[in-house]
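**Student:** Shown below is the structure under consideration.
The values are calculated or read from the model by the stated rules, or taken from the named source; none is laboratory data. Remember, it's a predicted structure, so these values are computed and weren't measured experimentally. Neighbour counts run over all protein chains shown; Cβ positions are idealised from the backbone, glycine included. For the accessible areas, the whole protein counts, side chains as well, though only heavy atoms, and no ligand, DNA or RNA atoms are used. Shrake-Rupley method; radii C 1.70, N 1.55, O 1.52, S 1.80 Å.
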Amino acid sequence: MKTNNPPLAIPFVDLNFQHQSIHKQLQKAIQTVVEQGDFILGQAVADFEVAFAAACNTKYGIGVASGTDAIALGLQACNIGRGDEVILPVNTFVGTLIGVLRAKAKPIFVDCDPHTALIDLQAAAKAVTPKTKAIIPVHLYGQMVSPQQLLDLAATYNLLIFEDAAQAHLAEREGYRAGSVGVAAAFSFYPSKNLGGWGDGGMVVTRDPQVAQAMTCLRNYGASRKYFHSHIGTNSRLDTIQAAVLHQKLPYLRQWNRDRLYIAQRYDTELAPLKARGIIPIENHSGNGHAYHLYVIRVCDSCPVERSAIQAQLTAAGIQSSIHYPIPCHLQPAFSNLGYRVGDFPHAEMLAKQILSLPIYPGLSNSQIKQVVSALAAIVSP
Ligand SMILES: Cc1ncc(COP(=O)(O)O)c(C=O)c1O
(Lines give C-alpha, C1' and ligand atoms only; values in the text may rest on other atoms or scores of the structure.)
Protein backbone atom coordinates (compact mmCIF):
# COMPACT_ATOMS: atom_id res chain seq x y z
CA MET A 1 0.00 0.00 0.00
CA LYS A 2 1.30 3.45 -0.89
CA THR A 3 1.20 6.29 1.64
CA ASN A 4 2.24 9.91 1.30
CA ASN A 5 4.12 9.95 4.61
CA PRO A 6 7.88 10.41 4.36
CA PRO A 7 9.89 7.47 5.74
CA LEU A 8 10.52 7.88 9.47
CA ALA A 9 14.21 8.60 9.93
CA ILE A 10 13.98 8.38 13.72
CA PRO A 11 11.05 6.35 15.03
CA PHE A 12 9.86 6.94 18.57
CA VAL A 13 10.64 3.34 19.48
CA ASP A 14 13.00 0.97 17.69
CA LEU A 15 13.54 -2.48 19.17
CA ASN A 16 15.72 -3.78 16.34
CA PHE A 17 19.01 -3.02 18.08
CA GLN A 18 18.01 -5.09 21.13
CA HIS A 19 16.70 -7.97 19.12
CA GLN A 20 19.39 -8.17 16.49
CA SER A 21 22.15 -8.43 19.07
CA ILE A 22 20.60 -11.52 20.73
CA HIS A 23 18.37 -12.86 17.98
CA LYS A 24 19.79 -16.40 17.95
CA GLN A 25 19.47 -16.72 21.73
CA LEU A 26 15.86 -15.59 21.61
CA GLN A 27 14.97 -18.02 18.82
CA LYS A 28 16.61 -20.87 20.69
CA ALA A 29 14.78 -20.06 23.92
CA ILE A 30 11.44 -20.06 22.12
CA GLN A 31 12.31 -23.30 20.32
CA THR A 32 13.02 -24.92 23.68
CA VAL A 33 9.56 -23.99 24.94
CA VAL A 34 8.01 -25.38 21.77
CA GLU A 35 9.92 -28.64 22.18
CA GLN A 36 9.00 -28.93 25.86
CA GLY A 37 5.40 -28.00 25.11
CA ASP A 38 4.95 -26.39 28.53
CA PHE A 39 3.22 -23.31 27.17
CA ILE A 40 1.26 -22.54 30.34
CA LEU A 41 3.18 -21.90 33.59
CA GLY A 42 6.16 -23.75 32.16
CA GLN A 43 9.69 -23.99 33.51
CA ALA A 44 10.74 -20.73 31.83
CA VAL A 45 8.10 -18.82 33.83
CA ALA A 46 9.36 -20.17 37.16
CA ASP A 47 13.00 -19.51 36.18
CA PHE A 48 12.29 -15.96 35.06
CA GLU A 49 10.23 -15.19 38.17
CA VAL A 50 13.17 -16.12 40.39
CA ALA A 51 15.65 -14.15 38.27
CA PHE A 52 13.54 -11.02 37.99
CA ALA A 53 12.63 -10.90 41.69
CA ALA A 54 16.34 -11.20 42.52
CA ALA A 55 17.17 -8.43 40.05
CA CYS A 56 14.67 -6.21 41.89
CA ASN A 57 16.30 -7.00 45.25
CA THR A 58 13.17 -8.71 46.48
CA LYS A 59 12.01 -12.24 47.13
CA TYR A 60 9.14 -13.47 45.01
CA GLY A 61 8.00 -12.85 41.46
CA ILE A 62 4.62 -13.93 40.11
CA GLY A 63 4.21 -13.56 36.35
CA VAL A 64 0.88 -12.34 35.00
CA ALA A 65 -0.56 -11.40 31.64
CA SER A 66 0.02 -7.61 31.79
CA GLY A 67 1.09 -4.72 33.99
CA THR A 68 -2.55 -3.75 34.48
CA ASP A 69 -3.32 -7.25 35.78
CA ALA A 70 -0.27 -7.00 38.03
CA ILE A 71 -1.77 -3.90 39.67
CA ALA A 72 -5.33 -5.26 39.91
CA LEU A 73 -4.36 -8.69 41.23
CA GLY A 74 -1.44 -7.37 43.29
CA LEU A 75 -3.71 -5.01 45.22
CA GLN A 76 -6.17 -7.86 45.81
CA ALA A 77 -3.33 -10.07 47.03
CA CYS A 78 -2.48 -7.31 49.52
CA ASN A 79 -6.09 -7.48 50.79
CA ILE A 80 -7.03 -4.14 49.34
CA GLY A 81 -10.60 -3.94 48.13
CA ARG A 82 -14.07 -2.57 48.72
CA GLY A 83 -14.19 0.24 51.28
CA ASP A 84 -10.47 0.99 50.98
CA GLU A 85 -9.09 4.21 49.58
CA VAL A 86 -5.93 4.07 47.48
CA ILE A 87 -3.91 7.20 46.72
CA LEU A 88 -2.36 7.48 43.26
CA PRO A 89 -0.99 10.26 41.05
CA VAL A 90 -3.48 11.64 38.56
CA ASN A 91 -0.85 11.91 35.82
CA THR A 92 -0.27 8.23 35.29
CA PHE A 93 -1.07 5.76 32.56
CA VAL A 94 -4.68 4.74 32.87
CA GLY A 95 -3.63 1.16 33.71
CA THR A 96 -2.78 2.25 37.27
CA LEU A 97 -6.31 3.57 37.78
CA ILE A 98 -7.93 0.57 36.11
CA GLY A 99 -5.99 -1.71 38.46
CA VAL A 100 -7.37 0.12 41.50
CA LEU A 101 -10.93 0.03 40.17
CA ARG A 102 -10.69 -3.67 39.31
CA ALA A 103 -9.57 -4.35 42.87
CA LYS A 104 -12.82 -2.57 43.86
CA ALA A 105 -10.97 0.04 45.93
CA LYS A 106 -11.69 3.77 45.70
CA PRO A 107 -9.03 5.73 43.78
CA ILE A 108 -8.00 9.02 45.38
CA PHE A 109 -6.03 11.17 42.97
CA VAL A 110 -3.32 13.59 43.95
CA ASP A 111 -1.37 16.12 41.91
CA CYS A 112 2.26 15.85 40.84
CA ASP A 113 5.41 17.88 41.29
CA PRO A 114 5.61 20.07 38.18
CA HIS A 115 9.39 19.65 37.88
CA THR A 116 9.70 15.87 38.15
CA ALA A 117 6.13 14.86 37.19
CA LEU A 118 6.24 12.44 40.16
CA ILE A 119 3.49 12.21 42.75
CA ASP A 120 3.45 15.15 45.19
CA LEU A 121 3.89 13.42 48.53
CA GLN A 122 2.78 16.47 50.52
CA ALA A 123 -0.48 16.45 48.57
CA ALA A 124 -0.67 12.70 49.24
CA ALA A 125 -0.34 13.30 53.01
CA LYS A 126 -3.23 15.77 52.84
CA ALA A 127 -5.38 13.23 50.98
CA VAL A 128 -5.12 10.60 53.73
CA THR A 129 -8.39 9.75 55.51
CA PRO A 130 -9.24 6.99 58.01
CA LYS A 131 -10.16 4.82 54.99
CA THR A 132 -6.82 5.19 53.22
CA LYS A 133 -5.14 1.83 53.03
CA ALA A 134 -2.45 2.23 50.41
CA ILE A 135 -0.45 4.56 48.22
CA ILE A 136 0.68 3.72 44.70
CA PRO A 137 3.83 5.64 43.84
CA VAL A 138 4.23 5.53 40.06
CA HIS A 139 7.91 5.59 39.13
CA LEU A 140 7.00 7.66 36.10
CA TYR A 141 9.26 7.84 33.05
CA GLY A 142 11.73 5.53 34.84
CA GLN A 143 12.43 7.77 37.85
CA MET A 144 11.66 6.41 41.29
CA VAL A 145 9.59 8.38 43.76
CA SER A 146 11.88 9.07 46.76
CA PRO A 147 11.87 5.81 48.79
CA GLN A 148 12.84 7.61 51.99
CA GLN A 149 10.01 10.10 51.77
CA LEU A 150 7.59 7.32 50.81
CA LEU A 151 8.59 5.16 53.74
CA ASP A 152 8.28 8.13 56.12
CA LEU A 153 4.80 8.90 54.79
CA ALA A 154 3.72 5.28 54.99
CA ALA A 155 5.00 4.99 58.57
CA THR A 156 3.28 8.22 59.65
CA TYR A 157 -0.12 7.23 58.27
CA ASN A 158 0.17 3.44 58.47
CA LEU A 159 -0.14 3.00 54.70
CA LEU A 160 0.83 0.09 52.55
CA ILE A 161 3.10 0.99 49.61
CA PHE A 162 2.32 -0.73 46.31
CA GLU A 163 4.74 0.47 43.63
CA ASP A 164 3.75 0.91 40.01
CA ALA A 165 7.15 0.15 38.50
CA ALA A 166 5.82 -0.50 34.99
CA GLN A 167 8.27 2.07 33.59
CA ALA A 168 11.15 1.55 35.99
CA HIS A 169 12.86 -1.83 35.59
CA LEU A 170 16.07 -1.75 37.67
CA ALA A 171 15.70 1.96 38.48
CA GLU A 172 17.42 2.98 41.72
CA ARG A 173 17.23 5.79 44.23
CA GLU A 174 18.63 6.31 47.73
CA GLY A 175 20.00 2.77 47.75
CA TYR A 176 16.65 1.15 46.87
CA ARG A 177 15.75 -0.59 43.66
CA ALA A 178 12.31 -0.21 42.10
CA GLY A 179 10.10 -3.00 43.37
CA SER A 180 11.85 -3.33 46.73
CA VAL A 181 10.42 -0.32 48.58
CA GLY A 182 6.83 -1.36 49.15
CA VAL A 183 5.18 -4.57 50.23
CA ALA A 184 4.70 -5.36 46.54
CA ALA A 185 5.17 -3.82 43.11
CA ALA A 186 3.81 -4.21 39.60
CA PHE A 187 5.89 -4.37 36.42
CA SER A 188 4.81 -4.37 32.79
CA PHE A 189 6.69 -6.19 30.04
CA TYR A 190 4.86 -4.45 27.19
CA PRO A 191 7.26 -4.70 24.23
CA SER A 192 8.57 -1.11 24.36
CA LYS A 193 9.27 -1.15 28.11
CA ASN A 194 12.91 -1.19 29.28
CA LEU A 195 12.43 -4.94 29.62
CA GLY A 196 9.84 -5.87 27.05
CA GLY A 197 8.51 -9.18 25.76
CA TRP A 198 7.31 -10.15 22.31
CA GLY A 199 3.76 -9.52 23.43
CA ASP A 200 1.99 -8.54 26.65
CA GLY A 201 3.24 -9.58 30.07
CA GLY A 202 3.60 -8.37 33.64
CA MET A 203 4.78 -9.37 37.10
CA VAL A 204 4.09 -8.71 40.75
CA VAL A 205 7.18 -8.80 42.92
CA THR A 206 6.96 -8.95 46.69
CA ARG A 207 8.93 -9.78 49.79
CA ASP A 208 5.82 -11.06 51.56
CA PRO A 209 5.23 -14.82 51.26
CA GLN A 210 1.49 -14.43 51.90
CA VAL A 211 1.12 -11.92 49.08
CA ALA A 212 3.11 -14.23 46.81
CA GLN A 213 0.91 -17.17 47.77
CA ALA A 214 -2.29 -15.22 47.13
CA MET A 215 -0.93 -14.04 43.77
CA THR A 216 -0.15 -17.56 42.57
CA CYS A 217 -3.81 -18.40 43.24
CA LEU A 218 -5.36 -15.22 41.87
CA ARG A 219 -3.59 -15.43 38.50
CA ASN A 220 -4.68 -19.07 38.05
CA TYR A 221 -8.48 -19.04 38.56
CA GLY A 222 -7.98 -18.60 42.31
CA ALA A 223 -6.80 -22.20 42.63
CA SER A 224 -4.50 -23.02 45.53
CA ARG A 225 -4.24 -26.53 44.09
CA LYS A 226 -5.73 -28.10 41.00
CA TYR A 227 -9.53 -27.71 40.94
CA PHE A 228 -9.57 -26.31 44.50
CA HIS A 229 -10.47 -22.62 44.46
CA SER A 230 -9.60 -20.66 47.57
CA HIS A 231 -9.88 -17.21 45.89
CA ILE A 232 -12.07 -15.65 43.23
CA GLY A 233 -9.29 -15.43 40.71
CA THR A 234 -8.91 -15.10 36.99
CA ASN A 235 -6.83 -16.39 34.10
CA SER A 236 -3.81 -14.09 33.97
CA ARG A 237 -0.60 -16.02 33.51
CA LEU A 238 2.66 -14.86 31.98
CA ASP A 239 3.06 -16.95 28.80
CA THR A 240 5.96 -19.38 28.94
CA ILE A 241 7.18 -18.09 25.57
CA GLN A 242 7.19 -14.51 26.87
CA ALA A 243 9.05 -15.58 30.02
CA ALA A 244 11.67 -17.32 27.87
CA VAL A 245 12.19 -14.15 25.80
CA LEU A 246 12.31 -11.91 28.89
CA HIS A 247 14.78 -14.15 30.69
CA GLN A 248 17.15 -14.02 27.72
CA LYS A 249 16.93 -10.22 27.66
CA LEU A 250 17.31 -9.71 31.43
CA PRO A 251 21.15 -9.95 31.56
CA TYR A 252 21.38 -7.07 29.06
CA LEU A 253 18.96 -4.78 30.88
CA ARG A 254 21.60 -2.99 32.97
CA GLN A 255 23.61 -2.08 29.89
CA TRP A 256 20.47 -1.04 28.01
CA ASN A 257 19.51 1.22 30.93
CA ARG A 258 23.03 2.68 30.88
CA ASP A 259 22.59 3.39 27.17
CA ARG A 260 19.33 5.19 27.98
CA LEU A 261 21.06 7.22 30.72
CA TYR A 262 23.83 8.21 28.32
CA ILE A 263 21.27 9.39 25.74
CA ALA A 264 19.37 11.35 28.40
CA GLN A 265 22.57 13.04 29.57
CA ARG A 266 23.40 13.99 25.97
CA TYR A 267 19.92 15.44 25.56
CA ASP A 268 20.28 17.32 28.88
CA THR A 269 23.56 18.88 27.77
CA GLU A 270 22.59 19.68 24.24
CA LEU A 271 19.13 20.97 25.07
CA ALA A 272 20.41 23.28 27.84
CA PRO A 273 20.69 26.32 25.53
CA LEU A 274 17.00 25.90 24.62
CA LYS A 275 15.93 26.68 28.20
CA ALA A 276 15.89 30.32 27.14
CA ARG A 277 13.34 29.33 24.50
CA GLY A 278 11.05 27.60 27.00
CA ILE A 279 12.21 24.02 26.36
CA ILE A 280 12.79 22.47 29.80
CA PRO A 281 13.41 18.78 30.45
CA ILE A 282 11.56 17.03 33.27
CA GLU A 283 14.07 17.03 36.14
CA ASN A 284 16.07 14.03 37.22
CA HIS A 285 16.36 13.89 41.02
CA SER A 286 17.65 10.33 41.11
CA GLY A 287 21.07 10.68 39.45
CA ASN A 288 22.33 7.62 37.64
CA GLY A 289 19.49 5.51 39.03
CA HIS A 290 16.96 6.96 36.56
CA ALA A 291 15.97 4.18 34.14
CA TYR A 292 14.85 6.70 31.50
CA HIS A 293 12.01 4.70 30.04
CA LEU A 294 11.04 8.05 28.54
CA TYR A 295 12.85 11.35 28.00
CA VAL A 296 10.30 14.10 28.43
CA ILE A 297 10.63 17.82 27.81
CA ARG A 298 8.23 20.60 28.69
CA VAL A 299 7.23 23.16 26.10
CA CYS A 300 6.64 25.99 28.56
CA ASP A 301 4.54 29.11 28.04
CA SER A 302 7.71 31.10 27.31
CA CYS A 303 8.34 28.99 24.20
CA PRO A 304 7.48 30.97 21.07
CA VAL A 305 6.17 27.87 19.28
CA GLU A 306 3.22 25.74 20.40
CA ARG A 307 3.75 22.10 21.31
CA SER A 308 1.47 20.87 18.53
CA ALA A 309 3.47 22.86 15.97
CA ILE A 310 6.74 21.55 17.40
CA GLN A 311 5.50 17.99 17.17
CA ALA A 312 4.23 18.50 13.60
CA GLN A 313 7.52 20.01 12.50
CA LEU A 314 9.52 17.23 14.13
CA THR A 315 7.37 14.72 12.25
CA ALA A 316 7.99 16.60 9.02
CA ALA A 317 11.72 16.35 9.77
CA GLY A 318 11.32 12.58 10.12
CA ILE A 319 11.43 12.54 13.94
CA GLN A 320 8.65 10.80 15.83
CA SER A 321 7.67 12.05 19.27
CA SER A 322 4.85 11.23 21.66
CA ILE A 323 2.94 12.55 24.69
CA HIS A 324 2.78 10.68 28.00
CA TYR A 325 -0.02 11.46 28.68
CA PRO A 326 -2.17 14.05 26.93
CA ILE A 327 -5.20 13.77 29.28
CA PRO A 328 -4.81 13.25 33.05
CA CYS A 329 -6.88 10.38 34.44
CA HIS A 330 -9.45 12.61 36.17
CA LEU A 331 -10.45 14.19 32.86
CA GLN A 332 -10.93 10.93 30.96
CA PRO A 333 -14.62 10.55 30.10
CA ALA A 334 -14.81 6.96 31.35
CA PHE A 335 -14.06 8.10 34.91
CA SER A 336 -16.28 11.19 35.14
CA ASN A 337 -18.31 9.38 37.82
CA LEU A 338 -15.36 9.79 40.20
CA GLY A 339 -16.48 13.41 40.46
CA TYR A 340 -13.30 15.30 39.62
CA ARG A 341 -13.25 18.45 37.47
CA VAL A 342 -10.96 20.64 35.39
CA GLY A 343 -8.82 22.66 37.78
CA ASP A 344 -8.63 19.99 40.50
CA PHE A 345 -4.99 19.14 39.71
CA PRO A 346 -3.31 22.24 38.25
CA HIS A 347 0.19 20.81 37.90
CA ALA A 348 -0.90 17.64 36.14
CA GLU A 349 -3.22 19.62 33.88
CA MET A 350 -0.43 22.06 33.02
CA LEU A 351 2.06 19.27 32.30
CA ALA A 352 -0.45 17.44 30.09
CA LYS A 353 -0.44 20.52 27.84
CA GLN A 354 3.35 20.97 27.92
CA ILE A 355 5.03 17.58 27.80
CA LEU A 356 6.61 15.96 24.79
CA SER A 357 8.55 12.68 24.79
CA LEU A 358 11.59 12.41 22.53
CA PRO A 359 13.05 9.18 21.10
CA ILE A 360 15.20 7.27 23.62
CA TYR A 361 16.22 3.63 23.31
CA PRO A 362 19.37 1.51 23.15
CA GLY A 363 20.77 1.88 19.66
CA LEU A 364 19.83 5.55 19.23
CA SER A 365 23.09 6.92 17.84
CA ASN A 366 24.95 10.12 18.66
CA SER A 367 24.15 11.47 15.22
CA GLN A 368 20.45 10.71 15.73
CA ILE A 369 20.52 12.52 19.10
CA LYS A 370 22.14 15.49 17.36
CA GLN A 371 19.50 15.32 14.63
CA VAL A 372 16.69 15.51 17.20
CA VAL A 373 18.33 18.41 19.07
CA SER A 374 19.15 20.34 15.88
CA ALA A 375 15.62 19.93 14.57
CA LEU A 376 14.17 21.13 17.87
CA ALA A 377 16.58 24.08 18.03
CA ALA A 378 15.71 25.10 14.48
CA ILE A 379 11.98 24.96 15.26
CA VAL A 380 12.09 27.12 18.41
CA SER A 381 14.85 29.55 17.40
CA PRO A 382 13.99 32.91 15.87
C1 LIG B 1 2.81 3.52 34.65
C2 LIG B 1 2.12 2.34 34.02
N3 LIG B 1 1.26 1.62 34.75
C4 LIG B 1 0.63 0.55 34.25
C5 LIG B 1 0.86 0.12 32.95
C6 LIG B 1 0.09 -1.03 32.43
O7 LIG B 1 0.89 -2.05 31.90
P8 LIG B 1 0.33 -2.97 30.71
O9 LIG B 1 0.29 -2.14 29.47
O10 LIG B 1 1.33 -4.08 30.61
O11 LIG B 1 -1.01 -3.45 31.10
C12 LIG B 1 1.78 0.83 32.16
C13 LIG B 1 2.14 0.39 30.81
O14 LIG B 1 1.67 0.58 29.79
C15 LIG B 1 2.40 1.99 32.68
O16 LIG B 1 3.26 2.70 31.97
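**Student:** Provide the percentage of antiparallel DSSP beta bridges, counting only those with both residues in the chain; round to the nearest 5. Mind dumping the intermediate values first?
**Tutor:** Values: 24 of 39 bridges.
In the chain, DSSP labels about 60 percent of beta bridges as antiparallel.
**Student:** Now for a different question. By the gyration tensor of its Cα atoms, with a ≥ b ≥ c the square roots of the eigenvalues, what is the shape of the chain: rounded for a/c under 1.5, prolate for a/b over b/c, or oblate? Please list the in-between numbers first.
**Tutor:** Working: a/c = 1.90, a/b = 1.23, b/c = 1.55.
Since a/c reaches 1.5 but b/c is at least a/b, the shape of the chain is classed as oblate.
**Student:** Quick check on my link table: of Lys106/Lys133; Lys24/Lys249; Lys59/Lys104; Lys104/Lys133; Lys59/Lys131; Lys59/Lys133, which ones sit more than 21 Å apart, alpha carbon to alpha carbon?
**Tutor:** Details: Lys106/Lys133 10 Å; Lys24/Lys249 12 Å; Lys59/Lys104 27 Å; Lys104/Lys133 13 Å; Lys59/Lys131 29 Å; Lys59/Lys133 23 Å.
Going by Cα-Cα distance, Lys59/Lys104; Lys59/Lys131; Lys59/Lys133 fall outside the 21 Å limit.
**Student:** Here's a follow-up. Rolling a 1.4 angstrom probe over the protein heavy atoms, how many square angstrom per residue are accessible across the stretch 253-380?
**Tutor:** Working: 5590 Å² over 128 residues.
Per-residue value: 44 Å².
**Student:** Sorted by accessible area (1.4 Å probe), largest first, how do Arg225, Arg260 line up? Let's see the in-between values first.
**Tutor:** Details: Arg225 145, Arg260 10 Å².
Result, largest first: Arg225, Arg260.
**Student:** Show Thr58, Thr240 ordered by accessible area, largest first, where the area counts protein heavy atoms only and the probe is 1.4 Å. Mind dumping the intermediate values first?
**Tutor:** Working: Thr58 25, Thr240 0 Å².
Largest to smallest exposure gives the sequence Thr58, Thr240.
**Student:** Whole Å is fine, so just give me how far the alpha carbon centre of the stretch 147-202 lies from that of the stretch 217-271.
**Tutor:** 12 Å
**Student:** Which cross-chain or sequence-distant (5 or more) residues have an amide H under 5 Å from the amide H of Gly222, H modelled 1.01 Å from N in plane?
**Tutor:** Amide H neighbours of Gly222, under 5 Å, 5+ apart: Gly233, Thr234.
**Student:** Related question: Would you mind telling me the share, in percent, of accessible area of the stretch 253-380 contributed by carbon and sulfur at probe 1.4 angstrom?
**Tutor:** Working: 2940 of 5590 Å².
Answer for the stretch 253-380 is 53 percent, counting heavy atoms of protein chains only.
**Student:** Could you name the aspartates and glutamates in cross-link range of Lys353, using Cα to Cα under 16 Å and dropping any fewer than eight places away on the same chain?
**Tutor:** The qualifying aspartates and glutamates are Asp111, Asp113, Asp301, Glu306, Asp344.
**Student:** Rounded, prolate or oblate: which fits the stretch 1-124 when a ≥ b ≥ c are the square roots of the eigenvalues of the alpha-carbon gyration tensor, with rounded for a/c under 1.5 and prolate only if a/b beats b/c? Show your work: numbers first, answer last.
**Tutor:** On the way: a/c = 2.24, a/b = 1.27, b/c = 1.76.
In terms of gyration-tensor shape, oblate.
**Student:** Continuing with this model, one more query. Starting from the Cα gyration tensor of the stretch 163-294, take the square roots of the eigenvalues, sort them a ≥ b ≥ c, and report rounded, prolate or oblate (rounded when a/c is under 1.5, otherwise prolate if a/b is larger than b/c, else oblate). The partial results should precede the final answer.
**Tutor:** On the way: a/c = 2.89, a/b = 2.27, b/c = 1.27.
Taking the square roots of the gyration eigenvalues as a ≥ b ≥ c, the stretch 163-294 is prolate.
**Student:** Around Thr68, with a cut-off of 11 angstrom between Cβ atoms, what is the net charge of the other residues, counting Lys and Arg +1 and Asp and Glu -1? Each step should come with its number before you reach the end.
**Tutor:** Numbers: positive: Arg102; negative: Asp69, Asp164, Asp200.
Net local charge, Thr68 excluded: -2.
**Student:** Give the ranking of Lys126, Lys133 by solvent-accessible surface, highest area first, calculated with a 1.4 Å probe.
**Tutor:** Numbers: Lys126 175, Lys133 70 Å².
The ordering from most to least exposed comes out as Lys126, Lys133.
**Student:** Kindly provide the Kirkwood hydrodynamic radius of the stretch 253-380 in Å, to one decimal, from all pairs of distinct alpha carbon atoms. Before the final figure, lay out the partial values.
**Tutor:** Numbers: mean 1/r = 0.0637 Å⁻¹.
Over the stretch 253-380, the inverse of the mean reciprocal pair distance is 15.7 Å.
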